[in-house]
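> Below is one structure. I have some questions about it.
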Amino acid sequence: MAIDLGTANSRVYVRDRGIVIQEPSVVAVNQKTGQILAVGEEAKKMVGRTPSHIVAVRPLRSGVISDFEVTEQMLRYFIEKARKKKLIFNIRPRLIVGVPFGVTEVEKKAVIDAGISAGAREVFLIDEPMASAIGTRLPVQEAVGNFVVNIGGGTAEIAVISLGGIVLGKSLRIAGDKLCEDIIQFVQEEYKLLIGERMAENIKIGIGLAYQVDQGNAAQKNAVGVKKPPRRDFKMRGRNLVTGLPEEIVISEDEIRRAIEKSIKQIVAEIKMAIEETPPELIADIMSNGIYLSGGGSQLRGLDVLIEKETRIAVKVVEDPMTAVVRGAGMVLENLDKLREVLIETKELEPPR
Ligand SMILES: Nc1ncnc2c1ncn2[C@@H]1O[C@H](COP(=O)(O)OP(=O)(O)OP(=O)(O)O)[C@@H](O)[C@H]1O
Ligand SMILES: [Mg+2]
């Protein structure tokens, strides 16, 4: 099995079957008994809606395990679910798990240990940007520069890959979750309205905007007969912090663009910095092949155009961007002989057998 344990969503790929599970990385736990009540979609519905003794936990923060036991339980749930659906027959499957680039040895070991105690026979790790490049079918093993950016919930990862390895990689903790926090803060400051995490995410996915494509182009703006696309807005519901009463306020896409502008600028700045640090031969390749965006956050409207404008390199959002990592990890699983070199070296981290 190949597993992408994402901060926001987890996905499971089973050999010869493809992606069989895709669920939010949320677990609902009864704190009185320690019992797991729900995992995935069902647990996500409970976020912010639970009585005090039930907590909906997101066991991964910034792409790394922040709650070991719950992560282990989640892995166990995935393995059992695959077994129940008769997708795997092995009692102790072999796992390939994606981890953010640059995680510490301790964090890598935590993933391996969680996998083993959840029932895996063997756990291999792969850097998420490497997996996303393989999932995009980029020629990662050739002497060619491949530039990938994966923007998930917890981390944005930038990597240059060549000859089966990461030549240059960065992981920053500014991604989808941070944009939601930005929106919550903006709405609180501008409208004195308190909205929840889910509302903020709905606004972001509904009308989120990184760059207004016709922005600043006066000739185009004033041209007669050119139909401007209608500006989008969103009816948000929350609690007025002054009156304490529920309220509905309409917010525009341009306000959301401003709310997330600072974080977006930071991501773009890191991409530019990575380009500056890339060896010249590889830059030549990247200029002709482009930058590949993946991860749920890459779907933010206008982000590709903004990055293209700022870097002067063509930018493509890959097909099915949210599953690139698990598809890539799955391809490694299916071709372990040929692709073993792309895995993270973990010999010293494995528990003694
Ligand atoms: N259309 C969209 N526009 C903007 N953001 C989106 C869109 N669709 C999903 N997202 C965001 O993408 C993020 C989830 O992406 P993804 O599933 O790739 O993350 P993840 O793999 O769980 O996280 P990580 O890789 O950081 O551990 C969420 O923050 C979600 O709000
Ligand atoms: Mg991810």
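> Go ahead and estimate [θ] at 222 nm for the chain from helices alone: -39,500 (n - 2.57) per DSSP H run with n ≥ 4, summed, over the residue count, rounded to 500.
-11500 deg cm²/dmol
> Compute the convex hull volume of the Cα atoms of region 141-205, divide it by the residue count, and report the result per residue in Å³ as a whole number.
87 Å³
> Trypsin sites (Lys or Arg not before Pro) within region 230-299: which are DSSP loop residues with at most 15 other Cβ atoms inside 10 Å?
Arg231, Arg232
> Let me ask you something else. What is the diffusion coefficient of region 118-172 in µm²/s, taking the Kirkwood radius over Cα pairs and the Stokes-Einstein relation at 4 °C with a viscosity of 1.567 mPa s?
109 µm²/s
> Quick one: with all protein chains in place, what share of the accessible area of the chain is carbon or sulfur, to the nearest percent (1.4 Å probe)?
50 percent
> Please list the radius of gyration and Dmax for region 1-139, considering alpha-carbon atoms only, with Å as the unit.
14.8, 51
> Any idea how far the Cα center of region 240-313 sits from the one of region 140-154, in Å?
16 Å
> Taking +1 at the Cβ of each Lys and Arg and -1 at the Cβ of each Asp and Glu, which of Pro230, Ala28, Pro59 sits farthest along the dipole of the chain towards its positive end, judged by Cα position relative to the Cα centre?
Of Pro230, Ala28, Pro59, it is Ala28.
> Distance in nm between label sites at Ser252 and Met273, each 7 Å beyond Cα in the beta-carbon direction?
Taking the simple label geometry, Ser252 and Met273 are separated by 3.4 nm.
> Can you give me the accessible area per residue for the chain, using a 1.4 Å probe, in Å²?
49 Å²
> For the pair Glu190 and Arg121, how long in nm is the line joining their label points, each one 7 Å along Cα→Cβ?
Reported label-point gap for Glu190 and Arg121 is 5.6 nm.
> Once the dipole of the chain is set up with Lys and Arg at +1 and Asp and Glu at -1 on Cβ about the Cα centre, which of Ser171, Ile313, Gly330 lies farthest towards its positive end?
Toward the positive end, the furthest listed residue is Gly330.
> Let me ask something additional. Report Rg/Rh for the chain, rounded to two decimals, where Rg is the Cα radius of gyration and Rh the Kirkwood radius.
1.00
> In addition: Run the Debye formula on the Cα coordinates of region 224-353, all scatterers equal and no solvent, and tell me log10 I(q)/I(0) at q = 0.09, 0.14, 0.15 1/Å.
Log10 of I(q)/I(0), two decimals: -0.50, -0.93, -1.00.
> Measure up Lys81/Lys178; Lys32/Lys81; Lys45/Lys316 against 28 Å on the Cα-Cα distance and list the ones that go over.
Too far apart for the 28 Å limit: Lys81/Lys178; Lys45/Lys316.
> Along the charge dipole of the chain, which of Ile344, Gly48, Met1 sits closest to the positive end, that is, farthest toward it, with unit charges on the beta carbon of Lys, Arg, Asp and Glu (+1, +1, -1, -1)?
Going by the charge dipole, the pick is Gly48.
> How large is the charge dipole for the chain, taken about the Cα centre, if only the Cβ atoms of Lys, Arg (+1) and Asp, Glu (-1) carry charge, to the nearest 20 debye?
It comes to approximately 1160 debye.
> With every protein chain left in place and a probe of 1.4 Å, what is the accessible surface of Met273, to the nearest 10 Å²?
So the heavy atoms of Met273 present about 80 Å² to solvent.
> Now for a different question. In nm, give the distance between the simple-model label positions of Arg17 and Arg232, each being 7 Å from the Cα along the Cα-to-Cβ direction.
Result for the modelled spin labels: 3.4 nm.
> Pull out the extension gain between Thr346 and Asp320, defined as 0.36 nm times the separation in residues minus the alpha carbon to alpha carbon distance; nm, one decimal.
Difference between extended and current length: 6.4 nm.
> Now a separate question. Going by accessible area, probe 1.4 Å, with all protein chains left in place, what is the ranking of Phe78, Phe234, largest first?
If we order Phe78, Phe234 from most to least accessible, we get Phe234, Phe78.
The values are calculated or read from the model by the stated rules, or taken from the named source; none is laboratory data. On a predicted model such as this, the values are computed, not experimentally measured, just so you know. Counting neighbours? That spans all protein chains shown, and the Cβs are built from the backbone with ideal geometry, glycine included. Side chains are part of the model used for accessible areas, which takes the heavy atoms of the whole protein and leaves out ligands, DNA and RNA. Shrake-Rupley method; radii C 1.70, N 1.55, O 1.52, S 1.80 Å.
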